[in-house]
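The values are calculated or read from the model by the stated rules, or taken from the named source; none is laboratory data. Everything quoted here is computed from the prediction, not taken from an experiment. When we count neighbours, we look across all protein chains shown, and the Cβ atoms used for this are built from the backbone with ideal geometry, even at glycine.
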Amino acid sequence: MAKVPVEFTLNGSEKAEFIESGTTLLHALRDKIGDTSPKGGCHQGTCGACSVIIDGELRLSCLTLAETCNGADIKTTAGLAKGGVLHPLQRAFLDAFATQCGFCTPGMMMAAKVLLDRTPNPSRDDVVEALSGNICRCTGYEPIIQAVLLTARANSQNAA
Amino acid sequence: MAIRRGRGVAAINYPTGMNLGGDPTQALVHSTPTGNFMVTLSSVDLGQGMKQIMAQICAETIGVPTDRVIIDTADTDTGPHCMGTFASRGTHRAGNAVIQAAKEARQVMLEVAAEELEVNASDLETDGQGNIQVKGAPQKSISIFDVALSAHFKRGRSISGRGMFLIPRSYPEKETGAMKPSTCYAHACTVAEVEVDDETGEVRVLKVKNVFEIGRALNPKMVEQQLVGGSWMGISHALYETTEPYYPNRDHGGTDFNQYLMPGPGDLAQTEIIVLERPSADGPFGAKGPGEMCANPQIPALANAVFDAVGVRIDALPITPERVLRALKAQAAG
Amino acid sequence: MEMRKDYFADVRQDGLHEIGQARPRLDSPGHVTGKTAYFADRNFPGMLHLKMVRSPHHHARIRSIDTSEADKHPGVVRVLTAKDVPHNVYTILILIQVGPEDETVLADGKVRWKGEAVVAVLAETERAAQEGAAKVKVDYEFLPAVFDMEEALKPGAPLVNEYHGQNYYLYDSGECRKVRFGDVDAGFAQADHILEQSYQSSPIEHAPTETTGCVVAPEGNDRFTCYTNTQAMFFTLDNTSIILQMPGSKLHFVGGTVGGGFGGKVDVIVEPIAILGAKLTGRPVSFVYTREEEMQISSPRAAEMVVIKDGVMKDGRIVARKVTGYTDAGAYSRHSPYGTQKGAAHYPGPYTIPNVWIDTYCVYTNRTPSSAMRGFGVTIGDFALEVQMDKLARLIGMDPLEFRFINAYRDGDMKAHRQPTEGAALIECMQEASRVANWPVAGKYMAMSSYKKGA
Amino acid sequence: MPLALQTFPTVKDANATLQAAGTRYLGGGTLVIRAANEGDVSTSSLVRVTDPGLSQIAVAGGKVRLGASVTMAAIASHPELAAIAPAARAVGGPAIRNMATVGGNLFAPAPYGDFAVALLALDATVVTEDGETPVETFLAVRDTSRAIVTAVGFSLPTAESFRFLKVSRVKPKGVSVLSIAALLEMAADGTVASVRIAMGCMADRPIRALAAEKGLLGRKLTPQGIAPALAAAAEGTAPITDPIASAWYRAEVLPVYLGRLLLN
């Protein structure tokens, strides 16, 4: 099996791996690099659990081939906390009791992060739209929506 | 086009634990040298928060803060038997086992403390903050940290306990069906409000007001998680979900989250949750199992609300726009 | 969420230290940082991937299975068929003496539903396993299939499962679980109105975001560690022990952190065959359902049909209720005989009715075996019961909520299965619903209590 | 054979390779990678093209040219494409829109392909190395098309003239019960001067509502005015049955939603 080199930045650190051609980014991250924060919920592009941020855009790592990410800047939920301090989104998910089984949580946070990076003061509709590609089977979505709105409120208070 | 409104009600009960009993769960509790408590189980957390609840139950029973408890569960090399997480049994069965184990451990802990304080163990109480004190004389106290050190290194005592909870199995009488299915039941009543589009059959859920009686809310925020998510699933079952949309025909089963329909974040009903607590006689601190029943009353409440709105009965689940529209057309045709 | 502490305050001890407190969840920090370890987050060097060859037919005899091309396919390490499974015919509730064994781990001579596991292919990569699976040749002879419960129960219907010998589960009470209380015919004779209605559901999937699966690693000492998302550790271990004819001491199951269950992960499906694969190859094995398998192969909530016949008086009292419930088990029992029986225990609902007749049938058809799901044996019954209650109220011109108060069970009332009611709280739930939903009922109902009458 | 990806700088190079058996073109990956993940072993080789021209959006002189690799998100956020943005936003959730391409959408089977419905109403042209093809013709033969689509072109409609409606059960993101796109030019007297209507889920691929179009010409957009068009809307359709809805349901609600689109 032909191996191909891939190099990208993952949560700020350089990664270089030889992978089999045709390997999805999800498998490369989880099985080669050891970042298991993106989850494989469907491998179809229908659940959002594998969501990552590539060059500032929300992507599904299960439908992205790793070798198309050469030179990319990739962010995952594993890189959200800095120096042991939780990211405001993570804090808000805890405070809002927005996790149950937790399997959708990393993907939800990626979707929410992209939203808040671009729209610091989102409306509820903005949040609903931003999370619309991510399935949660436990919470009924409301606590997750609240967690994102809570993060935005906390951010705007800190900025003020 | 007309958007027509209606509301419906439903009331239900739901048994806690495996039907007819016979479903044991065990727990072990022991103290570490510095007075932290390890609960060893083989119970499974599905996301409902069983680990956290077992920690709170152990903490309350021992008399320490919850963050002094560690849950080691679902490793069959270490955890004693649990029948499993299903049938709303986790909190009730495992919780009772943890209480029994924790009580036994607490007794040893108090005995060691009594020796250190030179009083009778029966005269001691915990303050819930990590200390043991003489009843009526709280200045005479010792920390659980010190008690555990003493037990381990001085007195050679194991601060530990074993717990087992089993409701004996009931066997239904063949001809009459006389049996004991369960020892306690949770209750609910839901009022749902809908809008029905009488040209397309689309049903929009405006509000659900759910009243749940769950014995005891051991952790109210976690109860809320279950009840809010359950209410969503009930709505989902009522209006969306099936693996065989043309049952009993086997064709066109959904194979992904696009085809298997569930309400999205833009479909959420305004949801109100009210909790009543009538403690059960045999539940841990009176708790019953709320996890399953919270998704049931919305289904008939919505069916009844659809009838209230447009005057057609949909007696088959799910209540799809197609079923509503077919019924409306039949109604119009007389 | 609001707590209404005024109800039942006299029987409740509030003011505890830890109980009743909204402590933060100890598992959530792991969830939000992506550090929580689910079974599939374990990865072992040299791990094989298992893919299943499944029946494309609803009901067929297997004339032959040819795995020779698959065996030779690059990357394929081992191909398993029924003869490789030590105790291939099993049923999971055998542990609590509910038989007979009626299901095969890998199909042997026959398939009974579209999607049934026939051949397992273990390969170096998922792709190689998929390719190997595509090369397995199975020669089928079609058999007539039955999908409709009423058809299945008719004489002459195709026999779904020979281990039962008929298309229903045979209880000690006969073809159904029965509850008989009072004299239901006398009740109907006395009733002012009789209403008989039929309710139907179709299968529902748990659809957890994490699919069913396990990762097995040989420990090197003849023991096998199985990382699994089962909902029941020992239930799975003990059934695996029976299927593989291995002492339980050789099995080590690790789990307890599951990406949603809802009842869908109590079937013992992936673990035995994955452990067998690890045993026969000496390699770690991963067997994870695809989303497609989770949606269409894993057991759904059963379709049910519920027929309710009620006798009701003009004053609102239900005097007789006859319920006939049918649970579509699909091709195999799994937990369905249990769930069907749970239904019999649940009817006639939280109401005190003097004359009750319940029959619940567990019916076999050529569809995906159904099993447990949140509300097992009850959810669809409650839909039927509570729609029926609405119809009855309207039939006699009574407010649907008031109608329920009249019939609601209270402490001490004898249930149809002959247990006295204890700890009832239906009335209080309805009273509170009346308040919060602004659905007024007569004062006498708001004054009612679930407490033992006269106590 | 394991899956392997081949990358080419130009469409011309890629087109030659694409002729080999078991080879498919990789656009956004939402169709092709999904199929591979789901165990479709018929594809063993994927081809992609890195030519940046494929990702370009050009708007000039009322004409739009969308490179085949342009994503739904790029269309939805393009300041000059606001008129057709609703059709791009109708596709998937945010992550899918960052990946799904114009070219891929042309091949998406119903109930997918909402953007292609819009392209059909816009009378777009599909560009390949072999030349330009009207989208209607292209859709009819897409199953046998082997040449890589490089771009689509169309005249930019005004916001008033272009209407788009997607009906889905799940909100805000769900696949289509049906989708309808309409390009309407009104005469000075308030009657319909010209019209093109395209529908999704009314066949296995987007199709025109020719009878409805005919019924609308010269009519006012009033309940009475559109009545003949609605009555004829289902003519020539073969709605799909899938887990979302049956053919019966789709046919029943098509005139309802077409009416709402025209009257709103």
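With respect to B:Pro321, is the statement that it is within 7 Å of chain C (Cβ to nearest Cβ) and within 26 Å of C:Pro203 (Cα to Cα) true?
Working: within 7 Å of chain C (Cβ to nearest Cβ): no; within 26 Å of C:Pro203 (Cα to Cα): yes.
So B:Pro321 fails the test.
Matching residues to (1) farther than 19 Å from A:Asn134 by Cβ; (2) surrounded by fewer than 17 Cβ atoms within 10 Å (Cβ to Cβ):
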position: A:Phe8; (1), (2): yes, no
position: A:Thr23; (1), (2): yes, no
position: A:Thr36; (1), (2): no, no
position: A:Gly84; (1), (2): yes, yes
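For (1) assigned to a helix (DSSP H, G or I); (2) touching a Gly at 6+ places or on another chain (Cβ under 8 Å); (3) at pLDDT below 95; (4) not basic (Lys, Arg), each residue gets a yes or a no:
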site	(1), (2), (3), (4)
B:Arg204	no, no, no, no
B:Ala217	no, yes, no, yes
B:Gln225	yes, yes, no, yes
B:Ser231	yes, yes, no, yes
B:Ile235	yes, no, no, yes
B:Glu241	no, no, no, yes
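Across segment A:30-50, what is the number of residues that are in contact with a helix residue (DSSP H, G or I) (Cβ under 9 Å, 6 or more places away or on another chain) and either closer than 24 Å to C:Phe44 by Cα or assigned by TED's automatic domain parsing to the domain that holds A:Gly107 (or both)? Talk me through it step by step, then tell me what you get.
Applying the first criterion (in contact with a helix residue (DSSP H, G or I) (Cβ under 9 Å, 6 or more places away or on another chain)) to segment A:30-50 yields A:30, A:32, A:35-50.
Still in the list and also either closer than 24 Å to C:Phe44 by Cα or assigned by TED's automatic domain parsing to the domain that holds A:Gly107 (or both): A:30, A:32, A:35-43, A:49-50.
The number of residues fulfilling the criteria is 13.
Determine whether segment C:276-283 contains at least one residue that is in contact with a Cys (Cβ under 9 Å, 6 or more places away or on another chain) and crowded, with 24+ Cβ neighbours inside 10 Å.
To start, the set of residues in segment C:276-283 that are in contact with a Cys (Cβ under 9 Å, 6 or more places away or on another chain) comprises C:278.
From the residues that got through so far, the ones that are crowded, with 24+ Cβ neighbours inside 10 Å too are C:278.
Among the residues of segment C:276-283, at least one is in contact with a Cys (Cβ under 9 Å, 6 or more places away or on another chain) and crowded, with 24+ Cβ neighbours inside 10 Å, which makes the answer yes.
Is there a residue being outside the structural domain of C:Tyr338 (by TED's automatic domain parsing), within 27 Å of A:Asp31 (Cα to Cα) and in contact (Cβ under 8 Å) with a residue 60 or more places away in the chain anywhere in segment C:78-90? Let's see the steps before the verdict.
In the first step, residues of segment C:78-90 are kept if they are outside the structural domain of C:Tyr338 (by TED's automatic domain parsing); the result is C:78-90.
Then drop every residue that is not within 27 Å of A:Asp31 (Cα to Cα), which leaves C:78-80.
This time we only want the ones that are in contact (Cβ under 8 Å) with a residue 60 or more places away in the chain, so: C:78, C:80.
There is at least one residue in segment C:78-90 that is outside the structural domain of C:Tyr338 (by TED's automatic domain parsing), within 27 Å of A:Asp31 (Cα to Cα) and in contact (Cβ under 8 Å) with a residue 60 or more places away in the chain.
Please verify whether segment C:343-350 includes one or more residues that are more than 9 Å from chain B (Cβ to nearest Cβ), surrounded by 24 or more Cβ atoms within 10 Å (Cβ to Cβ), more than 17 Å from B:Gly17 (Cα to Cα) and touching a Phe, Trp or Tyr at 6+ places or on another chain (Cβ under 6 Å).
No.
Do we find a residue being more than 30 Å from C:Gly260 (Cβ to Cβ) and among the basic types (Lys, Arg) anywhere in segment A:4-18? Can you show your working first?
Looking only at segment A:4-18, we keep the residues that are more than 30 Å from C:Gly260 (Cβ to Cβ), and these are A:4-9, A:12-18.
Filter once more, so that each one left must be among the basic types (Lys, Arg): A:15.
There is at least one residue in segment A:4-18 that is more than 30 Å from C:Gly260 (Cβ to Cβ) and among the basic types (Lys, Arg).
Of the residues B:Cys184, B:Cys189, only one is over 30 Å from D:Pro255 (Cβ atoms), at pLDDT 95 or above and touching a helix residue (DSSP H, G or I) at 6+ places or on another chain (Cβ under 6 Å); which? Even if it seems obvious, please write down each step before you answer.
Values: B:Cys184 fails: touching a helix residue (DSSP H, G or I) at 6+ places or on another chain (Cβ under 6 Å).
Matching residue, one of B:Cys184, B:Cys189: B:Cys189.
Surrounded by fewer than 23 Cβ atoms within 10 Å (Cβ to Cβ), out of contact with any helix residue (DSSP H, G or I) (no Cβ under 7 Å at 6 or more places or on another chain) and either touching a residue at least 40 places away in the same chain (Cβ under 8 Å) or not assigned by TED's automatic domain parsing to the domain that holds B:Val324 (or both): which single residue out of B:Pro24, B:Pro65 fits that description?
Working: B:Pro65 fails: out of contact with any helix residue (DSSP H, G or I) (no Cβ under 7 Å at 6 or more places or on another chain).
The unique qualifying residue is B:Pro24.
Could you grab me the full set of residues in segment C:184-205 that are over 17 Å from C:Val356 (Cα atoms) and among the aromatic types (Phe, Trp, Tyr)?
Within segment C:184-205, just C:Tyr199 meets the criteria.
Determine the pairs where a residue that is not assigned by TED's automatic domain parsing to the domain that holds D:Asp114, located within segment D:176-194, has a partner that is among the acidic types (Asp, Glu) and in a strand (DSSP E or B) with Cβ atoms under 8 Å apart, the partner being 6 or more residues away or on another chain.
Listed pairs, sorted by first residue: D:Val192/D:Glu185; D:Ala193/D:Glu185; D:Ser194/D:Glu185.
Quick check on segment A:117-138: of everything there that is surrounded by fewer than 24 Cβ atoms within 10 Å (Cβ to Cβ) and in a helix (DSSP H, G or I), which residue is farthest from the other protein chains (Cβ to nearest Cβ)?
Filtering segment A:117-138 down to residues surrounded by fewer than 24 Cβ atoms within 10 Å (Cβ to Cβ) leaves A:117-126, A:128-129.
Imposing the further condition that a residue be in a helix (DSSP H, G or I) reduces the set to A:117-118, A:124-126, A:128-129.
Values: A:Asp117: 12, A:Arg118: 10, A:Arg124: 9, A:Asp125: 8, A:Asp126: 11, A:Val128: 5, A:Glu129: 5 Å.
So the residue we want is A:Asp117.
Can you pull out every residue in segment C:210-250 that is at the interface with chain B (Cβ under 7 Å from one of its Cβ atoms) and under 15 Å from B:Thr78 (Cβ atoms)?
Listed by number, the residues that qualify are C:Met233, C:Phe234, C:Leu237.
Among the residues of segment D:103-136, write down those that are more than 19 Å from D:Arg250 (Cα to Cα), of a type in the set (A, V, I, L, M) and touching a Gly at 6+ places or on another chain (Cβ under 7 Å).
Across segment D:103-136, the qualifying residues are D:Ala124, D:Val127.
If the requirement is being free of Cβ contacts under 8 Å to residues at least 40 places away in the same chain, of a type outside the set (Asp, Glu), under 30 Å from C:Leu426 (Cβ atoms) and within 13 Å of chain C (Cβ to nearest Cβ), which of these qualifies: B:Gly17, B:Gly8, B:Gly84, B:Gly47?
Details: B:Gly17 fails: free of Cβ contacts under 8 Å to residues at least 40 places away in the same chain; B:Gly8 fails: free of Cβ contacts under 8 Å to residues at least 40 places away in the same chain; B:Gly84 fails: free of Cβ contacts under 8 Å to residues at least 40 places away in the same chain.
The conditions single out B:Gly47.
Okay, residues lined up against (1) within 10 Å of chain C (Cβ to nearest Cβ); (2) in contact with a strand residue (DSSP E or B) (Cβ under 9 Å, 6 or more places away or on another chain); (3) of a type in the set (Val, Ile, Thr):
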{"position": "A:Phe18", "(1), (2), (3)": "no, yes, no"}
{"position": "A:Ala28", "(1), (2), (3)": "no, yes, no"}
{"position": "A:Pro38", "(1), (2), (3)": "yes, yes, no"}
{"position": "A:Ile53", "(1), (2), (3)": "no, yes, yes"}
{"position": "A:Leu60", "(1), (2), (3)": "no, yes, no"}
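List the residue pairs whose Cβ atoms are under 7 Å apart, where the first residue sits in segment A:100-114 and is in a helix (DSSP H, G or I), the second is among the basic types (Lys, Arg), and the two are 6 or more positions apart or on different chains.
A:Pro106/A:Lys39; A:Gly107/A:Lys39
Every residue in segment D:100-142 that is of a type in the set (Asp, Glu) and assigned to a strand (DSSP E or B), please.
D:Glu132
With respect to C:Gly75, is the statement that it is within 14 Å of chain A (Cβ to nearest Cβ) and over 33 Å from the mean Cα position of the chain (by Cα) true? Break it down stepwise before answering.
On the way: within 14 Å of chain A (Cβ to nearest Cβ): yes; over 33 Å from the mean Cα position of the chain (by Cα): yes.
Yes.
Considering every residue within segment C:136-155, establish whether at least one is surrounded by fewer than 21 Cβ atoms within 10 Å (Cβ to Cβ), part of a helix (DSSP H, G or I) and hydrophobic (A, V, I, L, M, F, W, C).
No - not one qualifying residue is present in segment C:136-155.
Just to confirm my filter: which strands (runs of 3 or more DSSP E) fall fully inside segment B:114-196 and include at least 1 residues that are under 28 Å from B:Thr25 (Cα atoms)?
B:124-126, B:160-165
Yes/no matrix, rows are residues, columns are (1) under 13 Å from the mean Cα position of the chain (by Cα); (2) crowded, with 19+ Cβ neighbours inside 10 Å:
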residue	(1), (2)
A:Glu14	no, no
A:Gln44	no, yes
A:Asp55	yes, no
A:Thr64	no, yes
A:Asp95	no, no
A:Thr99	no, yes
A:Met110	yes, yes
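Residue check: is C:Phe262 among the aromatic types (Phe, Trp, Tyr) and either under 22 Å from C:Val89 (Cα atoms) or not in a loop (DSSP other than H, G, I, E, B) (or both)? Outline the logic, then answer.
Working: among the aromatic types (Phe, Trp, Tyr): yes; either under 22 Å from C:Val89 (Cα atoms) or not in a loop (DSSP other than H, G, I, E, B) (or both): no.
The answer is no for C:Phe262.
Quick one: would you say A:Ala49 is touching a residue at least 40 places away in the same chain (Cβ under 8 Å) and assigned to a loop (DSSP other than H, G, I, E, B)?
Details: touching a residue at least 40 places away in the same chain (Cβ under 8 Å): yes; assigned to a loop (DSSP other than H, G, I, E, B): yes.
Yes: the conditions hold for A:Ala49.
Does C:Thr368 count as part of a loop (DSSP other than H, G, I, E, B), more than 7 Å from chain B (Cβ to nearest Cβ) and either without any contact (Cβ under 8 Å) to a residue 24 or more places away in the chain or surrounded by 24 or more Cβ atoms within 10 Å (Cβ to Cβ) (or both)?
Values: part of a loop (DSSP other than H, G, I, E, B): yes; more than 7 Å from chain B (Cβ to nearest Cβ): yes; either without any contact (Cβ under 8 Å) to a residue 24 or more places away in the chain or surrounded by 24 or more Cβ atoms within 10 Å (Cβ to Cβ) (or both): yes.
So C:Thr368 fits the description; yes.
I'd like the residue in segment C:178-209 that is within 14 Å of chain B (Cβ to nearest Cβ) and within 17 Å of C:Thr352 (Cα to Cα) and, out of all such residues, is surrounded by the most Cβ atoms within 10 Å (Cβ to Cβ). Walk me through how you get there before you give the answer.
First, the residues of segment C:178-209 that are within 14 Å of chain B (Cβ to nearest Cβ): C:178-184, C:195-209.
Now drop any that are not within 17 Å of C:Thr352 (Cα to Cα), which leaves C:179-184.
Details: C:Val179: 27, C:Arg180: 19, C:Phe181: 21, C:Gly182: 17, C:Asp183: 15, C:Val184: 21.
Step by step, filter segment C:178-209, then rank; the result is C:Val179.
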